[in-house]
1. Among GLU17, GLU82, GLU63, whose mean-square fluctuation peaks in a Gaussian network model of the chain (Cα, cutoff 10 Å)?
2. Over all pairs of distinct alpha carbons, what does the Kirkwood formula give as the hydrodynamic radius of the stretch 110-176, in Å?
3. Mind counting lysine pairs for me in the stretch 1-151? Cα separation below 24 Å, and the two need to be 8 or more apart along the chain or on different chains.
4. Keeping all protein chains in place, calculate the accessible area per residue for the stretch 60-176 (probe 1.4 angstrom), answer in Å².
5. Heavy atoms only, 1.4 Å probe, whole protein assembly: order LEU128, LEU50, LEU149 by accessible area, highest first.
6. Quick one: go through the stretch 116-150 and flag any residue whose amide nitrogen is under 16 Å from the point 7 Å out along the Cα-to-Cβ line of ASP159.
7. Looking only at the stretch 95-131, which residues have a backbone nitrogen under 15 Å from a spot 7 Å from the Cα of SER78 in the C-beta direction?
8. Quick one: net charge of ILE29's neighbours, Cβ under 13 Å, K/R +1, D/E -1?
Amino acid sequence: AMRALGRRQVELKRNEEALARAMDRGNAIAEKRGRIYAGMGKLTMRGAALMAPAGMAVRAAAEKQDTIRDIAITGDMSAGDEAKLSLAVRNIARQSNQLQADVLQGMQVLVAGGVSTREELEGYGAVLAKAATATRASMDDLGATTLALRDNLGITAQDLSAAFNILASAGKAGNV
């Protein structure tokens, strides 16, 4: 009975050691899994951080295209004129150091005020963007001023730059 009890005790000890080893392996696997999940979380965050600028660029491009489409519809322009306007907006923004969204904002004001041809929009838009850079005025205000000058005084896109120069000088002198 003592030998049987001794064998039973040795067997229980082996089972206890096997259980302890299994628990150690389980803990090691759990720690490894935790490190992998943490690494995946970091990787996900890095990926999101890298993709954020691309997402913003895609959103800005979509908004730009949507605004150009609205301008083309309001101005009753053809698809060809719409494509040319998109290229012109990009060039105007680059030449005047303005954002394309700001140039489009000024053009929207002009279209809402009755300027409907692509050529007029490009002419007025280029002058608006340069004046906005020089005076730091908003494109909304400059668009409204352009419409007032065009409708009330018959100022064309060719004469608009000179008109803005006169207005800016008068404003600095305190006359406006």
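1. Most flexible of the set in this elastic network: GLU17.
2. 11.9 Å
3. Summing the qualifying lysine pairs gives 4.
4. 55 Å²
5. From most accessible down to least: LEU50, LEU149, LEU128.
6. Backbone N within reach: 124, 146-150.
7. 117-119
8. +3
The values are calculated or read from the model by the stated rules, or taken from the named source; none is laboratory data. Bear in mind that the values here come from a model prediction, so they are computed numbers and not experimental data. Don't worry about glycine lacking a Cβ; one is built from the backbone with ideal geometry, like all the others, and counts go over all protein chains shown. Quick note on the areas: whole protein, heavy atoms, side chains included, nothing else; ligands and nucleic acids left out. Shrake-Rupley method; radii C 1.70, N 1.55, O 1.52, S 1.80 Å.
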